[in-house]
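First the structure, in the form of structure tokens, and then the observations on it.
The values are calculated or read from the model by the stated rules, or taken from the named source; none is laboratory data. Because the structure is predicted, anything quoted here is derived from the model rather than measured. Cβ atoms come from the backbone with ideal geometry, glycine included; neighbour counts cover every protein chain shown. To get the accessible areas, we keep the full protein, side chains included, count just its heavy atoms, and leave off ligands, DNA and RNA. Shrake-Rupley method; radii C 1.70, N 1.55, O 1.52, S 1.80 Å.
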Amino acid sequence: MTAAPRGSGATSRILSRLRPQRDPLPRDVKVMLAAAFLIALGFGLVAPVLPQFARTFGVGNTEASVIVAIFAFMRLVFAPAGGSLIGKLGERPVYVAGLLIVAGSTAACAFAQDYWQLLLFRGLGGAGSVMFTVASMALVIRLAPPESRGRVSGAYASAFLVGSVCGPIMGGLLAGFGLRVPFLAYAAALIVAAVVVQTQLSHQRRGSADAQQRAPEMNFGQALATGAYRAALTSSFANGWGTFGVRMATVPLLAAAVFGAGPEAAGLALAVFAAGNAAALTFSGRLADSMGRRPMMIAGLLVAGAATAAIGFADQLGWFLAASAVAGVGSGLFGPAQQAAVADVIGNERSGGKVLAVYQMVSDVGAIVGPIVAGLLADRLGYGWAFGVTGGVMVVAACVWLGTRETLRPAKA
């Protein structure tokens, strides 16, 4: 009998992972996906109108930008407190409390009477936002079966993406009834999400009876001792710099300066990025569960880095949009693998509130530092340098993953 080729078994396992999975996701994971969609939908409702609403109080563009920045700043400041609360109270209570805080602060924004009230209420929303963001990551890690962490992370990212795309469209329509209406709609969406999580999410923890009572907390030192977590911090910083920072702040400026285009071109660039991201998310999670986290991280970061650098050298609108789409593909390739790798480090039997808080903080720092550095480079050396350095940061993160061990454990026969 002829022996089968040595690689045939591994190849067949990878091909089987690429086929649509018939095993349904756990019910609790589906609850988290529904909540993620509602949260992203609501955030998208207010994103297009927030700067305009701030301007109605007679302030300039700088003050209106501060209203946007205060949200991210408060997320960064309160991230450690959110992680500590998860260790003391558990993931779900912190998740629900964070949702209700943002709901209350957002509703208060709708009734703000001056600029300073709006600034205060929006800042409080940032504190609640980091609470439910970190808690939701911890819940997804705890609820996802180890063999499907990439798939679950991809589904979670997809739910957020769909909500983020639908939200601005609905927000623009609601703004026709007044700039305060989207804030009330966002608050309502968050309240619904809180009710869904509180009433539909199982109260049982995974694991043994002792673990169900109180999961041991993984401290930051334990996580930092692992190469995968250090690599994840590096790529999280790079992702915050490029995907959440430069993409939102510098791409619109490039579209106006180089192509003489208005907000429509910038919006189209963001849309094709989202389309590329969505396309990659349809299979990247399954690949992360079959090929491993490390290959997907390296490939995704290299693709995103090269495409991001190319954006700065595009001299035609078509190439600009094409590079944006490829950058979205790269982001979609490594996103599920990155969260799955962090989940591998923490595991299902431990609470990782503080570990996840630092992971989120690093991304927020990148989102703050990236646009500032890119703006300085664009003013002094040109957009080629701004996007070239941004792409280089992603390539450096890929190199860090090159020296990291794989965290995916082979499935038991």
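Among rounded, prolate and oblate, which fits region 276-386 when a ≥ b ≥ c are the square roots of the eigenvalues of its C-alpha gyration tensor, a/c under 1.5 means rounded, and a/b larger than b/c means prolate?
Oblate shape, in that a/c is at least 1.5 and b/c is the bigger or equal ratio.
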Completion exercise
With Rh as the Kirkwood radius over Cα pairs, region 108-201 has Rg/Rh of 1.04
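Highest first, please rank the peptides 305-317, 276-288, 374-386 by the mean number of other Cβ atoms sitting within 10 Å of their residues.
On the way: 305-317: 20.4, 276-288: 22.3, 374-386: 17.0.
Top to bottom by mean Cβ count within 10 Å: 276-288, 305-317, 374-386.
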Completion exercise
Scalar couplings 3J(HN,Hα) for region 188-197 by Karplus 6.51 cos²θ - 1.76 cosθ + 1.60 (θ = phi - 60°), nearest whole Hz, x for Gly and Pro, are 5, 4, 5, 5, 4, 4, 5, 5, 4, 5
Practice task
Report, by chain and number, residues whose modeled amide H sits under 5 Å from the one on residue 217, excluding near sequence neighbours (fewer than 5 apart, same chain).
Solution key: 351
Practice task
Using only the alpha carbon atoms of the chain, find the Kirkwood hydrodynamic radius as the inverse mean reciprocal pair distance, in angstroms to one decimal.
Solution key: 21.9
Practice task
Please work out the average accessible area per residue across the chain, using the 1.4 Å probe convention, and give it in Å².
Solution key: 44
Practice task
Could you tell me which of 85, 228, 36 has its Cα farthest along the dipole of the chain towards the positive end, charges placed at Cβ (Lys, Arg +1; Asp, Glu -1), taken about the Cα centre?
Solution key: 228
Handout entry: Taking the chain and dividing mean pair separation by its residue count, relative contact order in percent (alpha carbons under 8 Å, at least six apart)
Key = 24
Practice task
Work out the charge dipole of the chain with +1 on the Cβ of Lys and Arg and -1 on the Cβ of Asp and Glu about the Cα centre, then indicate which of 166, 190, 279 is farthest towards its positive end.
Solution key: 279
Fill in the blank from the handout: For residue 282 and residue 220, extending 7 Å from Cα along the Cα-Cβ vector and measuring point to point gives, in nm, a value of 4.1
Fill in the blank from the handout: For residue 291, other-chain or 5+-apart residues with amide H closer than 5 Å (H placed, Pro excluded) are none
Practice task
Please report, in debye to the nearest 20, how large the charge dipole of region 262-413 is about its Cα centre when each Lys and Arg carries +1 at its beta carbon and each Asp and Glu carries -1 there.
Solution key: 560
Exercise for the section: Rounded to whole Hz and in sequence order, give me ³J(HN,Hα) for region 104-109 from the Karplus expression 6.51 cos²θ - 1.76 cosθ + 1.60, θ = phi - 60°, writing x for Gly and Pro. Expected result: x, 5, 5, 4, 5, 4
Problem - Given charges at Cβ of Lys, Arg, Asp, Glu: the chain dipole, positive-most of 102, 383, 46 - result: 102
Problem - Estimated dipole of the chain in Debye, rounded to 20 [Cβ of Lys and Arg +1, of Asp and Glu -1, Cα centre] - result: 1220
Fill in the blank from the handout: Taking a ≥ b ≥ c as the square roots of the eigenvalues of the Cα gyration tensor, with a/c under 1.5 meaning rounded and otherwise prolate when a/b exceeds b/c and oblate if not, region 266-320 is oblate
Exercise for the section: Please work out whether region 345-413 counts as rounded, prolate or oblate from its C-alpha gyration tensor, where a ≥ b ≥ c are the square roots of the eigenvalues and a/c under 1.5 means rounded, while otherwise a/b larger than b/c means prolate and anything else oblate? Expected result: oblate
Exercise for the section: Sort 123-135, 176-188 for me by packing, meaning the mean count of neighbouring Cβ atoms within 10 Å per residue, highest on top. Expected result: 123-135, 176-188
Fill in the blank from the handout: Once phi for every residue in region 273-278 is put through the Karplus expression 6.51 cos²θ - 1.76 cosθ + 1.60 (θ = phi - 60°), the whole-Hz ³J(HN,Hα) values, with Gly and Pro written as x, are 4, 4, 5, x, 4, 5
